[in-house]
Amino acid sequence: MEVPIPNFYFMGVQFVHLLALALWVGGLVVTAMVTAPVLFSSLPSRALAGQVFSEVHRRLERLLLACAAALAITGVIKYTTWENLTPWNLSRYIAIGMMSISILYSSTRLSPRLRSLHAEGDGAAVSEEREVEFKRLHRLSYRCMWVNLIGGLIVLLLA
């Protein structure tokens, strides 16, 4: 009986694809459901917790941008090499596209503005307009996180 030789190319591409997806979804879950609640409940002030969480979030966004690039590259390789365009694959690629757009928007538009507003408020009297703008941007950032999490779960389901 002959033992088939494994397709290491497929295995490598699939591994990178799934690893990027696992880091994306896992990073969001740990950050939103573990890190943020612990920081905001255990640090002496909300300002300090916000400052620490802002740095955690900035680093997570860098990781998610790398994951978006990895998913895009491996997705193109998978599609052009061995996948057919089925409704399931199309749904998976649409979810990856939505996740990528969401993290790009969050990391290039929302987060820099949130950090700027946070820095403006350090040690100064917080204006009502600044607080309203911060809350609005924070809600948008929160929604982007949910788009990423739900999209990631859909991609995992269809992977």
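Nothing in this text is a laboratory measurement; each read-out follows from the coordinates by a stated rule. Keep in mind that this is a model prediction, so the values were computed, not measured. Ideal geometry is used to build each Cβ from the backbone, glycine not excepted, and the neighbour counts take in all protein chains shown.
Structure data summary
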quantity: Rounded to 10°, Cα long-axis angle of helix 128-158 versus longest principal axis of the chain; calculated: 20 degrees
quantity: Within region 53-67, backbone nitrogen closer than 12 Å to the virtual label 7 Å beyond the Cα of His118 toward Cβ; calculated: 53-61
quantity: HN-Hα J in Hz across region 16-28 - Karplus 6.51, -1.76, 1.60, θ = phi - 60°, x for Gly and Pro; calculated: 5, 4, 6, 5, 4, 5, 5, 5, 4, 5, x, x, 5
quantity: Whole-Hz couplings from phi, Karplus 6.51/-1.76/1.60, listed for region 57-67; x for Gly and Pro; calculated: 5, 4, 5, 4, 4, 4, 4, 5, 5, 5, 5
quantity: Exposure proxy ranking, count of Cβ atoms within 10 Å, fewest first, for Leu149, Leu60; calculated: Leu149, Leu60
quantity: Per-residue ³J(HN,Hα) for region 4-12, Karplus 6.51 cos²θ - 1.76 cosθ + 1.60, θ = phi - 60°, Hz, x for Gly and Pro; calculated: x, 7, x, 8, 5, 4, 4, 4, x
quantity: Per-residue [θ]222 nm for the chain (sum of -39500 (n - 2.57) over DSSP H runs n ≥ 4, rounded to 500); calculated: -27500 deg cm²/dmol
quantity: Estimated FRET transfer efficiency when R0 is 35 angstrom, pair Thr80-Leu140 (beta carbons, to 0.05); calculated: 0.50
quantity: Nearest 10 degrees, 0 to 90: helix 111-121 Cα axis against the chain principal axis; calculated: 20 degrees
quantity: Among Phe53, Phe134, Phe15: highest mean-square fluctuation, GNM of the chain, C-alpha pairs under 10 Å; calculated: Phe15
quantity: Ala22-Tyr105 pseudo-label distance in nm [points 7 Å out on the Cα-to-Cβ vector]; calculated: 3.0 nm
quantity: Segment Leu65-Val132, extension gain: residue separation times 0.36 nm, minus the distance between their alpha carbons; calculated: 21.3 nm
quantity: Residues in region 127-142 that a label on Gln51 would reach, taking backbone N under 19 Å of a point 7 Å out along Cα→Cβ; calculated: 127, 131
